[in-house]
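The values are calculated or read from the model by the stated rules, or taken from the named source; none is laboratory data. Bear in mind the structure is a predicted one, so any value in this text is a computation, not a measurement. Because the Cβ atoms are built from the backbone with ideal geometry, glycine has one as well, and the counts that use them run over all protein chains shown.
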Amino acid sequence: MRVFVTGASGFVGSAVVRELIGAGHQVVGLARSDAGAASVAEAGAEVHRGDLTDLDGLRTAAAAADGVIHTAFIHDFANFAASVEVDRHAIEAIGEALTGSGKPFVVTSGTGLVGGDGIATEDSEPDPKVPTNGRRGNEDVALSYVDHDVRVSVLRLPPTVHDEGDHGFVPGLIDIARAQGVSAYPGDGTNRWAAVHRLDAVRLYRLALESAPAGSKLHAVGEEGIPLHDIAEVIGRHLDLAVTAVEEPGHFGWLAGFATLDAPASSARTQALLDWHPTHPGLIADLEKGHYFQNR
């Protein structure tokens with residue numbers, strides 16, 4: 001299958017490219033910079049130069065493909081509404097190009113955008129307390145193309161996708177701990193983040209591309225919920241810092257809204273639907289390897 005992948009040089013997207021090529025697929029990867037293009041080519045994929053605002057380019061690449069995996073997103077939390085709008089327009093452009101084809105279109109979202117009370121499942125509704133919930137509407141935009149004969153599936157990533165090279169929330173906590181001189185957790189530290197190893201997540205992307213039914217909502221969750229206290233303990237030990245509770249969310253800076261989030265999630269239905277079963281190390285085991293604390 002010829003697969004167009006957005007975000008092909010990113011942390012998740014680059015691993016998706018390797019997973020697809022390893023399974024015998026031909027990959028065309030979107031790259032917006034020379035460095036990104038070099039990375040995509042080195043992985044063995046064809047390069048399509050452009051970015052998420054190049055809607056004509058997205059339509060052209062999608063129309064020439066047998067399927068699309070959309071992993072790209074502009075993670076600008078200072079201007080999140082604009083990032084969501086760019087994402088929506090990109091989804092619409094790709095959906096239009098695939099209309100009437102029956103081809104697969106896998107769209108990335110997040111488990112933290114649904115749920116609220118208890119453990120979020122694939123059928124959970126949006127959590128109105130989540131400040132970045134505007135992105136949740138893009139799921140509905142993507143899924144609307146099911147009615148136009150596109151085999152759309154939404155793949156929700158948990159707050160933490162971990163592996164070497166991670167530059168997300170856990171590295172953010174590590175940087176804050178170094179800057180503040182303590183490894184902190186909010187309140188009593190019992191709020192939880194769901195997590196998945198990157199290599200487990202990208203296998204699910206491939207399975208979704210190959211066989212997910214139209215309209216599927218999938219959870220790439222390897223661990224339902226890890227208390228922030230436990231994460232802070234590992235960070236404190238590796239950095240030789242005191243571990244302490246903080247009541248002021250501002251301690252976490254740009255991560256404040258996420259550090260206080262209680263977002264456990266289940267993947268039981270996804271595992272049963274696609275016979276997907278996470279096998280790689282969990283977050284704490286990955287942290288204990290030490291690579292998160294090197295060269296930072």
So, first residue farther than 10 Å from residue 238 by Cα and modelled with pLDDT of 95 or more in segment 268-296, second residue among the polar types (S, T, N, Q) and surrounded by fewer than 19 Cβ atoms within 10 Å (Cβ to Cβ), Cβ within less than 7 Å, six or more apart or across chains; the pairs are 269/121; 274/211; 277/271
Restricting to segment 1-35, give me the number of residues that are of a type in the set (A, V, I, L, M, F, W, C), over 18 Å from residue 203 (Cβ atoms) and touching an Asp or Glu at 6+ places or on another chain (Cβ under 6 Å). 1
Could you grab me the full set of residues in segment 177-214 that are touching a Gly at 6+ places or on another chain (Cβ under 7 Å) and either modelled with pLDDT under 95 or surrounded by fewer than 19 Cβ atoms within 10 Å (Cβ to Cβ) (or both)? none
Just for segment 215-229: of the residues that are in a loop (DSSP other than H, G, I, E, B) and in contact with a Lys or Arg (Cβ under 9 Å, 6 or more places away or on another chain), which one is surrounded by the fewest Cβ atoms within 10 Å (Cβ to Cβ)? 215
Out of curiosity, is residue 256 more than 23 Å from residue 15 (Cβ to Cβ) and touching a Phe, Trp or Tyr at 6+ places or on another chain (Cβ under 7 Å)? no
For segment 171-189: of the residues being in contact with a Ser or Thr (Cβ under 6 Å, 6 or more places away or on another chain) and not small (Gly, Ala, Ser), which is nearest to residue 119 (Cα to Cα)? 186
Would you call residue 273 more than 18 Å from the chain's Cα centre (by Cα) and closer than 29 Å to residue 136 by Cα? yes
What pairs come up if the first residue lies in segment 46-62 and is touching a residue at least 40 places away in the same chain (Cβ under 8 Å), the second is surrounded by fewer than 22 Cβ atoms within 10 Å (Cβ to Cβ) and part of a helix (DSSP H, G or I), and their beta carbons are under 8 Å apart, counting only those six or more places apart or on different chains? 48/57; 52/86; 52/89; 58/93; 62/93
Qualifying position, being crowded, with 20+ Cβ neighbours inside 10 Å, touching a His at 6+ places or on another chain (Cβ under 6 Å) and either more than 30 Å from residue 216 (Cα to Cα) or not small (Gly, Ala, Ser) (or both), among 261, 283: 283
Among (1) crowded, with 20+ Cβ neighbours inside 10 Å; (2) modelled with pLDDT of 95 or more; (3) among the β-branched types (Val, Ile, Thr), where does residue 146 come up short? (1)
Among the residues that make up segment 233-243, is at least one of them outside the structural domain of residue 77 (by TED's automatic domain parsing), at pLDDT below 95 and not β-branched (Val, Ile, Thr)? no
Inter-residue pairs, beta-carbon under 7 Å, first more than 12 Å from residue 209 (Cβ to Cβ) and in segment 13-27, second assigned to a helix (DSSP H, G or I) and of a type in the set (Lys, Arg), 6+ apart: 15/198
Suppose we filter segment 162-193 for residues that are over 23 Å from residue 248 (Cα atoms) and part of a strand (DSSP E or B); how many remain? 1
